1. Where does the Debye-calculated log10 I(q)/I(0) of region 317-425 sit at q = 0.11, 0.18, 0.21 Å⁻¹, using only Cα point scatterers of equal weight, no solvent?
2. So, counting K/R as plus one and D/E as minus one, what does the shell of residues with Cβ under 13 Å around Thr453 add up to?
3. If each residue's Cβ is checked for other Cβ atoms within 10 Å, how do His427, His312 rank with the fewest at the top?
Amino acid sequence: MTYRCSPLLFLTRTKPDGMYQEFYGRILPFPPDKMQRQLLLFCLVASSVAHYAMMHPSVFNINDTKGDLFRNNWPMSGWNFSSWWFHGNVDSPPPKGVVFNLPANGQVYTTLVTGLPMTQPTVPDPWYEFGLLHTPYRNSTRGCALAIAYKSDPKQVTVKDFVVFSVVHDCIKQQNQSFSIPNLPSCPNGQCLCFWLWQAQGRSDQFMTAFTCNVTGVHSGAQPIDYARAQPARKCYNPSRCYQGPRYPYYYGQLQGNNMPEIPHQPPYYSILYGWSEGAQHDIFVNTNPNTFQQVPLPAEQRCVNATLNPHNLGSRVVSNNASTYINESNIGGIISPNCLWKFYAEKGSGVIQMVSTFNSSQLYRISTSVKSPYQLQVSSLGGICLNGANSTSWCVQNIEGYGQGPFHLDITDDGMLTLTDSMGMHRWESTFKDNREDQVNPWEPDPAIWKTYDDVTETSIHDVTGSSTMVLGTSTGVSLQCTGLLALAFICWIL
């Protein structure tokens with residue numbers, strides 16, 4: 001008799017006559033025996049806490065040199081740089097000459113594994129091809145990515161040597177996950193360094209699997225990736241504010257080395273919410289990068305002209321190089337959206353900065369601080385945003401200074417957001433909504449029609465390469481368990 005645990009939280013019992021009985025959640029068509037109850041609990045717990053990594057002989061720490069079988073699956077949050085960079089495996093490369101092949105202009109499959117020994121062999125199991133691994137709902141997936149550095153020495157590579165080249169919006173959803181490959185050029189001496197990347201929904205945990213890779217089937221006209229002009233991705237709730245071009249992986253939620261401004265438990269995702277198109281990223285090369293990095297005229301400031309809603313004739317913008325650099329504490333000051341619906345101000349005496357409705361005072365954005373009066377919100381010449389109080393700085397948007405070119409302007413938009421833009425017209429930061437409306441952006445929606453498409457090759461050859469396949473956890477006393485979840489091994493001992 002075979003019991004199978006599904007990431008969709010159902011249990012299937014194979015009867016001797018080959019028929020199946022399925023029971024979902026805790027509603028069972030017949031009284032469960034002890035084994036059934038324990039397996040069901042195991043599936044529910046294991047599926048809900050699963051952590052993932054990429055599995056292939058080319059991954060770092062594949063031979064478990066540190067004695068910790070689950071290290072590549074560990075969620076990284078609040079770690080120092082040496083611990084999270086390469087998942088702490090810089091000194092544990094795969095065997096020399098072992099690489100994961102990336103067919104240029106083709107497709108490749110990666111195998112994603114959870115709390116299993118990284119050295120356990122794999123066998124094909126098509127059942128995993130169609131089940132959502134980490135969540136029972138497709139709209140809860142938030143995207144995975146692959147990134148590449150055209151260097152082979154992990155001790156010489158830096159955070160800015162990696163650029164994302166492929167994205168799957170509704171990942172993690174299956175164990176054998178396909179990725180489309182753009183028109184990548186050859187790797188020097190047949191070896192590059194790559195990352196598999198994933199950010200869990202609503203958590204500060206970052207997942208990264210480092211592996212050695214090589215590009216095959218290279219097109220004769222392939223252009224290099226434009227690393228010199230790569231940028232960090234930024235959230236863009238309005239698709240018209242998104243920018244394309246080569247972008248770094250997310251480095252988020254750690255003690256050192258972050259490049260993303262998101263606060264804890266509101267992580268960035270590899271989705272259209274951050275300007276990522278589905279599939280191969282064709283805009284990352286020197287001949288396709290759309291960003292000119294030339295200064296553009298400052299757009300005219302749009303203002304609310306309703307004297308009833310804007311009796312003090314407030315503007316909608318703060319600029320980093322003139323008298324409007326500051327928003328001083330004042331219940332009647334601040335900035336107001338051009339459609340007059342939203343006001344952003346620093347509340348007098350409280351150290352609170354907030355976005356409120358001009359009609360009913362409902363809040364869309366709020367930051368509470370301990371700053372002492374007098375205080376003011378400032379946009380710096382380097383593109384930083386900070387609330388400064390008496391002799392101290394109480395709060396700043398993290399990891400946005402140093403990107404872009406000033407002067408910068410902070411605008412309040414008609415949809416109730418703050419957006420920071422540099423002198424080249426590039427979107428550098430935006431506030432979040434208190435009502436979490438960003439989570440309503442479905443990961444499988446088509447790329448916005450307003451986005452441009454890019455052609456990085458005129459002649460394409462398609463390849464299909466399978467990196468690896470499904471892992472089987474093990475067998476014991478005639479019961480085969482196939483499941484996902486970080487607690488798998490511990491629960492097996494308890495079940496059996």
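Read the figures in this text as sums done on the coordinates, not as results from a lab. Keep in mind it's a predicted model, so treat the numbers as computed, not measured. Neighbour counts are summed over all protein chains in view; Cβ atoms, including those assigned to glycine, are modelled from backbone coordinates with ideal geometry.
1. Log10 of I(q)/I(0), two decimals: -0.32, -0.87, -1.16.
2. Details: positive: Lys452; negative: Glu278, Asp283, Asp447, Asp455, Asp456.
Taking every other residue near Thr453 into account, the sum is -4.
3. Values: His427 19, His312 10.
Ascending number of Cβ neighbours within 10 Å: His312, His427.
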